[in-house]
Amino acid sequence: MLLIGFIIAAFVYRFVMLAVSVRNEKALRRDGAVECGARNSTALAAAHVAFYLTAAAEGIVRNDPFDAVSAIGLCIYLFGAVMLLVVSRMLGPLWTVKLLVARNHRLVTNRLFRMVRHPNYYLNILPELIGFALTLHAYGTLLVGMVVYAVPLTLRIRLEEQVMRGNFAEY
């Protein structure tokens with residue numbers, strides 16, 4: 001029951017954050033924001049959904065008891081979940097799961113963004129996925145899924161670097 005509760009809570013949390021992203025995206029587009037890398041955003045979203053579904057299925061099939069690995073995974077997952085809140089709060093209405101450049105876009109330069117390049121990816125997404133898989137003992141998903149996920153994520157980071165350098169002289 002704990003396993004199913006964790007999976008449901010993780011899915012609900014992601015859907016809530018997706019709703020925030022959609023709300024922000026609509027407002028940004030109304031104000032003239034331009035999307036960059038739409039196909040990459042689609043691939044990244046598909047990889048994320050596939051990772052979650054595969055890890056959940058693997059965890060349910062394995063049905064391993066909650067142990068030290070699960071506890072470590074849960075801590076890693078919770079760190080990533082908290083970082084998603086932190087990053088989305090820092091970016092405010094600019095935060096979306098897509099790469100959008102607003103008409104009057106301002107570069108976020110607070111301490112976290114100066115210390116960690118792309119904190120949404122390195123402090124949220126990667127810990128979230130690793131923690132989710134470890135909590136569920138979904139080792140196959142962790143190994144294969146992270147390799148698959150790395151492709152669109154690497155492309156996204158490269159694209160984001162290019163977009164940021166092209167739009168912000170101080171980047």
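What's the ranking of 150-157, 29-36 by average number of surrounding C-beta atoms within 10 Å, highest first?
Working: 150-157: 16.2, 29-36: 13.9.
Ranked by mean Cβ neighbours within 10 Å, highest first: 150-157, 29-36.
Given Pro127, Ala71, Tyr139, which one lies farthest toward the positive end of the charge dipole of region 63-171, if we put +1 on the Cβ of every Lys and Arg and -1 on the Cβ of every Asp and Glu?
Pro127
Could you state, as a whole-number percent, how many of the C-alpha pairs of the chain are farther apart than 21 Å? Don't skip to the answer; put the middle values down first.
Values: 7108 of 14535 pairs.
Tail of the P(r) past 21 Å holds 49 percent of the pairs.
Starting from the alpha-carbon convex hull of region 78-146, give the projected area averaged over all orientations, in nm².
On the way: hull surface 20.8 nm².
Computing the convex hull of the Cα atoms and averaging its projections yields 5.2 nm².
May I have the extent of the alpha carbons of region 37-86 along their three principal axes, as whole Å values ordered from largest to smallest?
For region 37-86, the Cα extents along the three principal axes come out at 41, 30, 11 Å.
Per-residue ellipticity at 222 nm for the chain, helices alone: DSSP H runs ≥ 4 residues times -39500 (n - 2.57), over residue total, nearest 500 deg cm²/dmol?
-23000 deg cm²/dmol
How large is ³J(HN,Hα) for each residue in region 17-24, as worked out from phi by the Karplus curve 6.51 cos²θ - 1.76 cosθ + 1.60 (θ = phi - 60°), to whole Hz, x for Gly and Pro?
So the J values, rounded to whole Hz, are 5, 5, 4, 4, 4, 4, 4, 5.
Counting Lys and Arg as +1 and Asp and Glu as -1, what is the net charge of the other residues whose Cβ lies under 14 Å from the Cβ of Asn24? Don't jump to the answer; show the numbers that get you there.
Numbers: positive: Arg23, Lys26, Arg29, Arg30, Arg89, Lys98; negative: Glu25, Asp31, Glu35.
Net charge around Asn24: +3.
Can you tell which of His48, His137, His105 shows the greatest fluctuation in a Gaussian network model of the chain with Cα springs below 10 Å?
His105
Label points 7 Å out from Cα along the Cβ direction at Leu112 and Val22: separation in nm?
For Leu112 paired with Val22, the spin-label model returns 2.4 nm.
Mind checking the angle between helix 68-91 and the chain's longest principal axis? C-alpha axes, 0 to 90 degrees, to the nearest 10.
Roughly 20 degrees, rounded to the nearest 10.
Compute the length gained on full extension between Gln162 and Ile8: take 0.36 nm times their separation in residues and subtract their Cα-Cα distance, giving the result in nm to one decimal. Numbers along the way, then the final one.
Working: separation 154, 0.36 × 154 = 55.44 nm, distance 3.65 nm.
Result for the pair: 51.8 nm of gain on full extension.
Of Gly37, Gly166, Ala10, which is farthest along the charge dipole of the chain in the positive direction, counting Lys and Arg as +1 and Asp and Glu as -1 at C-beta?
After comparing all options, I get Gly166.
Where does each of 120-130, 8-18, 87-97 land if you order them by average Cβ count within 10 Å, highest first? If you can, show how the numbers build up before the last one.
Values: 120-130: 20.3, 8-18: 13.5, 87-97: 16.7.
The densest-packed peptide leads the list: 120-130, 87-97, 8-18.
Since every read-out is calculated from the coordinates, none of them should be taken as a lab result. As the structure is a prediction and not an experimental result, all values here were calculated from the model. Glycine also receives a Cβ, built like all others from the backbone with ideal geometry; neighbour counts cover every protein chain displayed.
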